[in-house]
Amino acid sequence: MSKYNVNEEFGMENRREVTLTGFSSNALDDVLRSNNNEPNTLNGNPGGVHAITKDAKIVNLEVPQDSSSTSAVCTSGRRWLSRRVRRSCRKKLLFKRIPILTWLPNYRKEYIVSDLVAGITVGLTVIPQAIAYANVAGLPLQYGLYSSFMACFVYTIFGSWKDVPVGPTAIAAILTRETLQKAHLGSDFAVLLCFISGCVSLLMGILQLGFLLDFISGPVSVGFTSAASIIIATSQVKDILGLKVSGTKFVQVWQSIFEHIAESRRWDTALGIICIIVLLLLRKVKDLPVVPKNTKVPSGIQQVITKLFWLISTARNIIVVIVCAVMCWLLEEHLGESPVILTGHVKQGLPEFRLPPFEAQVGNETYTFIDMISSLGTGCLVVPMLSLLETISIAKVFSEGKSIDATQEMLALGVCNVVSSFVSSMPVSGGLSRGAVNHSSGVKTTLGGVYTGLLVLISLQFLTPYLYYIPKATLAAVIIAAVVFMVEFQVVKPMWRSKKIDLIPAITTFLCCLFIRLELGIVIGIGINLLFLLYASARPTLRVHKATSISGCEYLVITPDRSLVFPSVEYVRAVISKQGLREGIAVPVVIDSMHIQAADFTAAKGIKTLIEDFTKRGQPLIFHNLKPSVIEIFKGVKPSGLTCSSSELELNDCLKGKSIFIECLISGTNFLNIILFLF
């Protein structure tokens, strides 16, 4: 191991000290050259302190500059920006942030068929879903297809998980609908929402704010998803019944449905119910037992039948849509009109590649960019947050124990939304149902998304005239059959068995999302969870018991179960003081600090006050197993009389010394009392 010390003076203001450990002289030269062309300057910053360890990590500790010097501040800013740019342009980081550079050179020929089959299978799923999700979002149907191809291409380049297909989803669609319906906004606002969602996701990825998603707990997520599923299904009931209803809220829609229930169209209702039943039955076809249980190696015919059943089950949406569309076309040809309400004309051709609309016209009112952002309101944050949560959750489902790079998924989803907004897309995210199809199809890389996107482009260019004949009841059935499995009532029982209090944020989120607004409901749920966290932080559990030292000295042990931070300081101090007074000053108090991993300034001040209280009444207070880092925090407030022990022997010595002092103190007190009594 070699050690180098380099010290250079740069006037009175700047001084640099560089210590390199574990580097040979050649390695030192390489490191210096890699950070700057000048061998005497690291990172172009002569005014800083740099430490380079074995892993070549450079820690830059800036020397404070004169605040009155504007040029010094500008120079420091330029140096910081230069370091960030160099760090961002490193080859390793480039390969990490653009995963296609890693897997494409190693792409095998046998992967082509697997990705092609998976891509086409997902495409057959996404086409009817995209049309239906556009209907859920309250947009023209072509917007669903516009949202389904560009994200596939972009995620192939930036995506890190092969099983995550990005496109329109039920959650993103209903959030878009809720955001637009607040002010009766048009499709331009949906495209801008897609752009803003991408920008927010990108910003969160660049700033590494993935930890914010951790504040959306499981119970809150369950409550939101279940409520959103019911709202989505409710929005489709009118198409099943062939009704035109008013109202945007859950209660308003059902009230309007019941008011107009007598106007229901029987053929639409019959078709919708039959489609739902058929879709649910086809979902189970893949589970039919083709191969007997005792058969170790299935025959060729059995394998073909199994694959056929799987294909029918997977492509059930497109099968039902095609059958119903052909049926309606035949009926219209023979009867002159369709007995059910049809989708109608869908704009043919590919969307124009252009900037997202930064200005919009709604009726006689013109909206500027600021007006549009103001109208979208909280949707600009809620939509990207929940889209990210949905995408990362899907990645975790198919991760097979591998770690998830949340930052990369944020960046990938951000780029997907930003680029998709240039082709008039609504917000997109990862879809669980399509992810399951992708995974079961045996996809090998994210290249499967290219084939999915190409299939959507073909349908946009050549198949849109035939979308006219798709019944609205059939599209509604596709949505209802998909979202009915998103209602997670099955988690209530294990949640009750595990921790009953978690039902409070789950049920509150569910009810608020259902009866108020989706975005407000999830904010309320997160707020309740944060209150629970703050309460738990402010009221730690303190275990109290008596013990005897090696030398036979009896003492009181108090063990906090977590770190000491400002919300809990007064509570911990009060409990320790109360327990100490209850036992009397003759009994030393030992705080077992094995669980105290961290502390803050407020905690240090509280401990200082606690030590002073114990010192005034002459009762020993000892901190046992206190971490060195926590000791340093306590020492920052300069407490007098801080006694610590790190082993049983040290604790025994401390207790012996304190016991002798207490005996002398008590004896002296008794002697003084006798003298005072005599006189």
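The values are calculated or read from the model by the stated rules, or taken from the named source; none is laboratory data. Model, not experiment: these values are computed from the prediction. When we count neighbours, we look across all protein chains shown, and the Cβ atoms used for this are built from the backbone with ideal geometry, even at glycine.
If you go through segment 580-603, how many residues are over 34 Å from the mean Cα position of the chain (by Cα), in a helix (DSSP H, G or I) and hydrophobic (A, V, I, L, M, F, W, C)? Explain how you work it out, then say what you get.
So in segment 580-603, the residues over 34 Å from the mean Cα position of the chain (by Cα) come out as 580-592.
Pick out the ones that are also in a helix (DSSP H, G or I) and you get 580-583.
Keeping just the survivors that are hydrophobic (A, V, I, L, M, F, W, C) gives 581.
Total satisfying the criteria: 1.
Counting only residues that are outside any loop (DSSP other than H, G, I, E, B) and either within 17 Å of Lys656 (Cα to Cα) or not polar (S, T, N, Q) (or both), how many does segment 616-636 have? Don't jump to the end; show me each part of the working.
So in segment 616-636, the residues outside any loop (DSSP other than H, G, I, E, B) come out as 616, 621-624, 628-635.
The next check asks that each one be either within 17 Å of Lys656 (Cα to Cα) or not polar (S, T, N, Q) (or both); those that pass are 616, 621-624, 628, 630-635.
So the answer is 12.
Where residues in segment 415-431 are hydrophobic (A, V, I, L, M, F, W, C) and crowded, with 23+ Cβ neighbours inside 10 Å, which of them is farthest from Lys162 (Cα to Cα)?
So, considering only residues that are hydrophobic (A, V, I, L, M, F, W, C) and crowded, with 23+ Cβ neighbours inside 10 Å, the one farthest from Lys162 (Cα to Cα) is Met426.
Please give the number of the condition Gly300 fails out of (1) outside the structural domain of Leu455 (by the TED database); (2) modelled with pLDDT under 85; (3) of a type in the set (Gly, Ala, Ser).
Here Gly300 clears every test but (1).
Just wondering, is there one or more residues in segment 328-338 that are in a helix (DSSP H, G or I), over 38 Å from the mean Cα position of the chain (by Cα) and under 19 Å from Ile480 (Cα atoms)? Steps first, please.
Keep residues of segment 328-338 that are in a helix (DSSP H, G or I), which gives 328-335.
Going one step further and asking which of them are over 38 Å from the mean Cα position of the chain (by Cα), we end up with 328-335.
Those left that are additionally under 19 Å from Ile480 (Cα atoms): none.
Scanning segment 328-338, I find no residue that is in a helix (DSSP H, G or I), over 38 Å from the mean Cα position of the chain (by Cα) and under 19 Å from Ile480 (Cα atoms), so the answer is no.
Criterion first (out of contact with any Pro (no Cβ under 9 Å at 6 or more places or on another chain) and crowded, with 19+ Cβ neighbours inside 10 Å) does Ser217 satisfy it? Don't jump to the end; show me each part of the working.
On the way: out of contact with any Pro (no Cβ under 9 Å at 6 or more places or on another chain): no; crowded, with 19+ Cβ neighbours inside 10 Å: yes.
Against the criterion (out of contact with any Pro (no Cβ under 9 Å at 6 or more places or on another chain) and crowded, with 19+ Cβ neighbours inside 10 Å), Ser217 does not qualify.
Any residue at all in segment 651-658 that's modelled with pLDDT of 90 or more and within 46 Å of the chain's Cα centre (by Cα)?
No, that holds for no residue.
Residue-wise test of (1) modelled with pLDDT of 95 or more; (2) under 22 Å from Leu101 (Cβ atoms).
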residue	(1), (2)
Ala137	no, no
Leu141	no, no
Trp161	no, yes
Ala172	no, no
Glu178	no, no
Lys182	no, no
Ser187	no, no
Phe195	yes, no
Gly205	no, yes
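Just name the residue that is modelled with the lowest pLDDT out of those in segment 265-297 that are under 30 Å from Gly242 (Cα atoms) and of a type in the set (Val, Ile, Thr). Show your work before the answer.
Of segment 265-297, the ones under 30 Å from Gly242 (Cα atoms) are 265-285.
Subset that is of a type in the set (Val, Ile, Thr): 269, 273-274, 276-278, 285.
Numbers: Thr269: 95, Ile273: 96, Ile274: 96, Ile276: 95, Ile277: 96, Val278: 95, Val285: 90.
Going through the qualifying residues, I end up with Val285.
Starting from segment 103-114, keep only residues that are aliphatic (A, V, I, L, M), then list their pairs with residues that are surrounded by 14 or more Cβ atoms within 10 Å (Cβ to Cβ) whose Cβ atoms are within a distance under 9 Å, requiring at least 6 positions of separation or different chains.
Leu104/Thr445; Leu104/Leu447; Ile112/Lys444; Ile112/Leu447
Output the residues belonging to segment 493-524 that are hydroxyl-bearing (Ser, Thr, Tyr) and surrounded by 17 or more Cβ atoms within 10 Å (Cβ to Cβ). Working first, answer last.
As a first pass, look at segment 493-524 and keep what is hydroxyl-bearing (Ser, Thr, Tyr): 498, 508-509.
Thr508, Thr509 - these are the residues of segment 493-524 that are hydroxyl-bearing (Ser, Thr, Tyr) and surrounded by 17 or more Cβ atoms within 10 Å (Cβ to Cβ).
Would you check which residues across segment 185-195 are aliphatic (A, V, I, L, M) and crowded, with 24+ Cβ neighbours inside 10 Å and list them? Even if it seems obvious, please write down each step before you answer.
Of all residues in segment 185-195, those aliphatic (A, V, I, L, M) come to 185, 190-193.
The answer is Ala190, Val191, Leu192, Leu193.
Only residues in segment 389-407 that are farther than 14 Å from Ser201 by Cβ count as the first member; pair them with residues that are hydroxyl-bearing (Ser, Thr, Tyr) and assigned to a helix (DSSP H, G or I), Cβ under 7 angstrom, at least 6 apart or cross-chain, and list the lot.
Pairs found: none.
Inside segment 622-650, can you point out the residues that are under 18 Å from Thr559 (Cβ atoms) and hydrophobic (A, V, I, L, M, F, W, C)? Spell out the reasoning first.
First pass over segment 622-650, keeping only residues under 18 Å from Thr559 (Cβ atoms): 622-627, 630-631, 634, 643-648, 650.
Selection gives Ile622, Phe623, Leu626, Val630, Ile631, Phe634, Cys644.
Mind checking which residues of segment 423-437 are among the hydrophobic types (A, V, I, L, M, F, W, C) and either assigned to a helix (DSSP H, G or I) or not assigned by the TED database to the domain that holds Asn135 (or both)?
Scanning segment 423-437 gives Val423, Leu432, Ala436, Val437.
Take segment 438-460 and flag every residue that is surrounded by 22 or more Cβ atoms within 10 Å (Cβ to Cβ), at pLDDT below 90 and either in contact with a strand residue (DSSP E or B) (Cβ under 6 Å, 6 or more places away or on another chain) or in a helix (DSSP H, G or I) (or both).
Across segment 438-460, the qualifying residue is only Asn438.
Residues in segment 148-160: is at least one over 16 Å from Val415 (Cβ atoms) and surrounded by fewer than 24 Cβ atoms within 10 Å (Cβ to Cβ)?
Within segment 148-160, the first condition is being over 16 Å from Val415 (Cβ atoms), and the residues that meet it are 148.
Retained after the next criterion (residues that are surrounded by fewer than 24 Cβ atoms within 10 Å (Cβ to Cβ)): none.
Among the residues of segment 148-160, not one is over 16 Å from Val415 (Cβ atoms) and surrounded by fewer than 24 Cβ atoms within 10 Å (Cβ to Cβ), which makes the answer no.
Among the residues of segment 357-374, count how many are surrounded by fewer than 19 Cβ atoms within 10 Å (Cβ to Cβ), within 20 Å of Thr176 (Cβ to Cβ) and of a type outside the set (Phe, Trp, Tyr).
Of all residues in segment 357-374, those surrounded by fewer than 19 Cβ atoms within 10 Å (Cβ to Cβ) come to 358-359, 361-366, 368-371, 373-374.
Narrowing further to those that are within 20 Å of Thr176 (Cβ to Cβ): 358-359, 361-362, 369, 371, 373-374.
If we keep only those that are of a type outside the set (Phe, Trp, Tyr) too, we end up with 359, 361-362, 371, 373-374.
Of the residues in that region, 6 qualify.
Across segment 615-639, which residue is surrounded by the fewest Cβ atoms within 10 Å (Cβ to Cβ) among those that are of a type in the set (S, T, N, Q) and closer than 27 Å to Ile550 by Cα? Can you show your working first?
Looking only at segment 615-639, we keep the residues that are of a type in the set (S, T, N, Q), and these are 615, 619, 625, 629.
If we keep only those that are closer than 27 Å to Ile550 by Cα too, we end up with 615, 619, 625.
Values: Thr615: 14, Gln619: 22, Asn625: 17.
Applying the filter and picking the extreme gives Thr615.
Just checking: which of the helices (runs of 4 or more DSSP H) contained wholly in segment 133-238 hold 2 or more residues that are under 23 Å from the mean Cα position of the chain (by Cα)?
Values: elements: 142-146, 150-158, 170-181, 187-206.
So the answer is 150-158, 170-181, 187-206.
Go through segment 568-593 and report how many residues are among the hydrophobic types (A, V, I, L, M, F, W, C) and touching a strand residue (DSSP E or B) at 6+ places or on another chain (Cβ under 7 Å). Step through it out loud before you land on a result.
Step one: of segment 568-593, the residues among the hydrophobic types (A, V, I, L, M, F, W, C) are 569, 572, 574-576, 581, 585-587, 589-591.
Still in the list and also touching a strand residue (DSSP E or B) at 6+ places or on another chain (Cβ under 7 Å): 572, 575-576, 587, 589-591.
Number of matching residues: 7.
Of Ile318, Ile257, Ile322, Ile261, which residue is touching a residue at least 60 places away in the same chain (Cβ under 8 Å), of a type outside the set (D, E, K, R) and in the same structural domain as Gly242 (by the TED database)?
Numbers: Ile257 fails: touching a residue at least 60 places away in the same chain (Cβ under 8 Å); Ile322 fails: touching a residue at least 60 places away in the same chain (Cβ under 8 Å); Ile261 fails: touching a residue at least 60 places away in the same chain (Cβ under 8 Å).
Just a single option satisfies the conditions, and that option is Ile318.
Taking segment 303-315 on its own, how many of its residues are touching a residue at least 60 places away in the same chain (Cβ under 8 Å) and hydrophobic (A, V, I, L, M, F, W, C)? It would help to see each step written out before you state the result.
Residues of segment 303-315 that are touching a residue at least 60 places away in the same chain (Cβ under 8 Å), as a first pass: 310-311, 314-315.
Narrowing further to those that are hydrophobic (A, V, I, L, M, F, W, C): 310-311, 315.
Residues flagged as touching a residue at least 60 places away in the same chain (Cβ under 8 Å) and hydrophobic (A, V, I, L, M, F, W, C) within segment 303-315 amount to 3.
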